[in-house]
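Each remark here refers to the structure printed beneath this line.
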Amino acid sequence: MNETIERFGFPETLIADFEHWVVLLRPAQPTLGSLVLAAKSDATAFGDLPAAAHAELAVITKAIESGLAEAVQFQKINYLMLMMVDPHVHFHVVPRYEGSREHAGIALNDAGWPGQPDLGSATKLDAGQIATLSAWLKAYFA
């Protein structure tokens, strides 16, 4: 796994493992169920990924959207490819909704709704919360 994947808490945050990608719980949650979709490659440019990695995105995005629709009943979903601090190819996946969503005592509002996601208002999870939310979301990817 590359350095970017490790910076997002792998292996504790692992939700799903694919051939070219991993789906991780985002340790700082702007909305409940926020994820990181990270390429296993050392590529730092999206266009440098192999064709098979691009093709696999069709399967993964369906799994993400199906799982998060059931888990948090999002109204919209944002895939943000920022790659400013963490250089390897990855997306921040932010389920969007009006109001609040809650699981295991963790309630999160979508502070940016209906505009851009407010990443600055993200709730930083502790180790116990990461374990709880990771286990919960893994069930939607089984």
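Every number here is computed from the coordinates shown, using simple stated rules; none is lab data. These numbers were taken from a predicted model, which means no experiment stands behind them. Every residue, glycine as well, gets a Cβ built from its backbone with ideal geometry; the counts of neighbours run over all protein chains shown.
Which whole-number percentage describes the relative contact order of the chain, with Cα contacts under 8 Å and a sequence gap of 6 or more?
With pairs under 8 Å counted, the relative contact order is 30 percent.
Say the dipole of region 3-141 comes from +1 at the beta carbon of Lys and Arg and -1 at that of Asp and Glu; which of GLY33, LEU108, HIS92 then lies farthest toward its positive end?
LEU108
Before rounding to the nearest 500, sum -39500 (n - 2.57) across all DSSP H runs of length at least 4 in the chain and divide by the residue total; then give [θ] at 222 nm in deg cm²/dmol.
Details: 3 runs with 39 residues, N = 142.
The helix-only estimate for the chain comes to -8500 deg cm²/dmol at 222 nm.
Pairing the Cα long axis of helix 127-138 with the longest principal axis of the chain, what angle in degrees results, from 0 to 90 and rounded to the nearest 10?
Taking Cα atoms only, the helix is inclined about 70 degrees.
For a distance above 21 Å, tell me the whole-number percent of Cα pairs in region 47-113 that qualify.
Across region 47-113, Cα pairs with separations above 21 Å total 37 percent.
Would you mind giving the three semi-axes, in whole Å and largest first, of the ellipsoid equivalent to region 1-68 according to its Cα gyration tensor?
19, 15, 10
Helix 51-72 versus the longest principal axis of the chain: what is the Cα-based angle in degrees, 0 to 90, to the nearest 10?
10
If you take the Cα Rg of the chain and divide it by 2.2 N^0.38 Å, with N the number of residues, what do you get?
For the chain, the normalised Cα radius of gyration is 0.98.
Full-extension gain between VAL59 and LEU82, please, as 0.36 nm times their residue separation minus the C-alpha to C-alpha distance.
6.1 nm
Using +1 on the beta carbon of Lys and Arg, -1 on that of Asp and Glu, and nothing else charged, what's the dipole of the chain about the Cα centre, debye to 20?
Charge dipole of the chain: 260 debye, to the nearest 20.
At what distance in nm do the modelled label points of ILE106 and GLU19 sit from each other, each positioned 7 Å from its Cα along Cα→Cβ?
About 3.1 nm separates the two model spin labels.
How many Lys pairs in region 3-141 lie less than 21 angstrom apart by Cα atoms, where the lysines are 8 or more positions apart or on different chains?
6
If you find the alpha carbon centre of region 62-124 and of region 11-60, how far apart are they in angstrom?
Distance between centres, Cα-based: 14 Å.
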